[in-house]
1. If you roll a 1.4 Å probe over the chain with all protein chains in place, what percent of the accessible area is carbon or sulfur?
2. Rounded to the nearest 0.05, what FRET efficiency do Ala86 and Glu115 have when you use their Cβ-Cβ distance and R0 = 30 Å?
3. State, to one decimal in nm, how far the label point of Glu55 lies from the label point of Arg35, with both points 7 Å from Cα in the Cβ direction.
4. Which of Ala79, Ser4, Thr54 sits farthest toward the positive end of the charge dipole of region 1-95, with +1 on the Cβ of Lys and Arg and -1 on the Cβ of Asp and Glu?
5. Run the simple label-point estimate for Ser73 and Ile96 please: 7 Å along Cα→C-beta, distance reported in nm.
6. Find, to one decimal place in angstroms, the Kirkwood hydrodynamic radius of the chain, where the mean of 1/r is taken over every pair of different Cα atoms and then inverted.
7. Excluding Val48 itself, what net charge comes from residues whose Cβ is under 10 Å from its Cβ, given Lys and Arg +1 and Asp and Glu -1?
8. How big is the gap, in Å, between the Cα center of region 76-121 and the Cα center of region 1-52?
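The values are calculated or read from the model by the stated rules, or taken from the named source; none is laboratory data. Since we're looking at a predicted model, the values are computed, not measured. Here the Cβ positions follow ideal geometry from the backbone for every residue, glycine too, while neighbour counts run over all protein chains shown. For the accessible areas, the whole protein counts, side chains as well, though only heavy atoms, and no ligand, DNA or RNA atoms are used. Shrake-Rupley method; radii C 1.70, N 1.55, O 1.52, S 1.80 Å.
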Amino acid sequence: MPASYSIDVDRKIVMTRIWGAATEDEIRDHGQRLRNDPEFRPDFRQLVDMSDLTEIKVGSGLIMNASRNQFFSPGVRRALVATSDAAFGMARMYAIASENAGQTIEVFRDINAAEAWLDRP
């Protein structure tokens, strides 16, 4: 499956990696696994690395649905890293749509910039 995550409880951060040709079913499954993980807390920050995403098989319907069905707490910083134009555009669409649910999501092209933003007080 081209989507995985790890949870650093001490740093209070979820690190997600999506690579290859991620499908809607895989993205939905990833969300369910994370949401049901006993170590997950909705107030943890999140870093999503999509720099190795080679093909987008996710439609705008899933993006809009996911933006309305958040399981991270409002205001928690979440950074999405997308190096390709297509992934960056998809990530921006998700971030903008998620604002209505009180989400604080920024999209970056560089993982170091994303990590610096997440670590800011």
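1. Roughly 49 percent of what the probe reaches on the chain is carbon or sulfur.
2. Computed FRET efficiency for Ala86 and Glu115: 0.85.
3. Output for this residue pair reads 2.7 nm.
4. Ala79
5. 2.9 nm
6. One decimal place: 14.2 Å for the Kirkwood radius.
7. The answer is +1.
8. Measuring centre to centre over Cα atoms gives 14 Å.
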